[in-house]
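Novice: First the structure, which I've put down as structure tokens, then a few questions once you've had a look.
The values are calculated or read from the model by the stated rules, or taken from the named source; none is laboratory data. The model shown is predicted, which means the values in this text are computed figures rather than measured ones. Glycine also receives a Cβ, built like all others from the backbone with ideal geometry; neighbour counts cover every protein chain displayed. The protein model used for the area step is the full one, side chains on, heavy atoms only, and it has no ligands, DNA or RNA in it. Shrake-Rupley method; radii C 1.70, N 1.55, O 1.52, S 1.80 Å.
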Amino acid sequence: MVADENYPYTLTYEWEDTIVSEEQFNANVAKLYDLDKSIYPDDFYTYDEFLNVLETGK
């Protein structure tokens, strides 16, 4: 993200080391992951909690 005079930040999207538009980025993601089947979790973990779950399985 880069701040400029028009907006608090400007997002840059990259795919395989190439800068792409937001639309192209989202299309590439959609080829790999079906967003219609995704769900949001009821509970969220902090970064440290998430690492602990990965390391311990709990």
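Novice: Note down the magnitude of the dipole of the chain about its Cα centre, charges +1 on Lys and Arg C-beta and -1 on Asp and Glu C-beta and zero elsewhere, to the nearest 20 debye.
Specialist: Dipole magnitude for the chain comes out near 200 debye.
Novice: List the residues whose amide H sits under 5 Å from the amide H of TYR13, counting only those 5 or more places along or on another chain, with H placed 1.01 Å from N in the peptide plane.
Specialist: It is VAL20, by chain and number.
Novice: Determine the per residue accessible area of the stretch 13-56 with all protein chains present and a 1.4 angstrom probe, expressed in square angstrom. The partial results should precede the final answer.
Specialist: Details: 4360 Å² over 44 residues.
Roughly 99 Å² per residue, with all protein chains present.
Novice: While we're here: Counting alpha carbon pairs within less than 8 Å and at least 6 residues apart, what relative contact order, in whole percent, applies to the chain? Please list the in-between numbers first.
Specialist: Numbers: 24 pairs, mean separation 8.2, N = 58.
Computed over the chain, the figure is 14 percent.
Novice: Follow-up. On full extension of the chain, what length is gained from GLU14 through THR56, given 0.36 nm per residue of separation minus the C-alpha to C-alpha distance?
Specialist: Working: separation 42, 0.36 × 42 = 15.12 nm, distance 3.30 nm.
Computed gain between GLU14 and THR56 is 11.8 nm.
Novice: With all pairs of different alpha carbon atoms counted, what Kirkwood hydrodynamic radius in Å does the chain show?
Specialist: Details: mean 1/r = 0.0673 Å⁻¹.
Over the chain, the inverse of the mean reciprocal pair distance is 14.8 Å.
Novice: Of PHE44, ALA30, TYR13, which is farthest towards the positive pole of the stretch 13-56's charge dipole, taken about the Cα centre with +1 and -1 on the beta-carbons of Lys, Arg and Asp, Glu respectively?
Specialist: It is ALA30, whose Cα lies furthest towards the positive end.
Novice: Ranked highest first by average number of other Cβ atoms within 10 Å, how do 30-43, 8-21 line up?
Specialist: Values: 30-43: 6.8, 8-21: 9.8.
Order by mean packing, descending: 8-21, 30-43.
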